[in-house]
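Presented below is the structure to which this report refers.
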């Protein structure tokens, strides 16, 4: 069963936050995947995505789960993520992929 960790408000992998401490234990977080969403796309979201990338996590930024004050800043950050740091996906795509039941009825 996949372990999903969810933290909110001001969390970044760049500092010793609860999520950084948990993700530092490789055996505790199977698959090393990080879903990044929130505001502001070009500040907190990008910082967290970059921190995940340099720690060798598979980074998925949720395009329609992020926002910036200026649309172009949002778009440019998503371009950077696509080119260098991870994948850009949607809430729907992640729900379809990560919400599929496995054999035996377990949700992945």
Report summary line: Per the filter on segment 87-100, residues without any contact (Cβ under 8 Å) to a residue 60 or more places away in the chain, out of contact with any strand residue (DSSP E or B) (no Cβ under 7 Å at 6 or more places or on another chain) and in a helix (DSSP H, G or I) are 92, 93, 95, 96, 97
**Report entry** Those residues of segment 72-86 which are over 13 Å from the mean Cα position of the chain (by Cα) and touching a residue at least 24 places away in the same chain (Cβ under 8 Å), in sequence order
**Finding:** 73, 74, 76, 77, 80, 84
Report summary line: Those helices (runs of 4 or more DSSP H) completely within segment 11-86 that have 1 or more residues that are modelled with pLDDT under 65, crowded, with 18+ Cβ neighbours inside 10 Å and out of contact with any helix residue (DSSP H, G or I) (no Cβ under 6 Å at 6 or more places or on another chain) are 18-23
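The values are calculated or read from the model by the stated rules, or taken from the named source; none is laboratory data. Quick caveat, the model's predicted, so the values are computed rather than measured. Because the Cβ atoms are built from the backbone with ideal geometry, glycine has one as well, and the counts that use them run over all protein chains shown.
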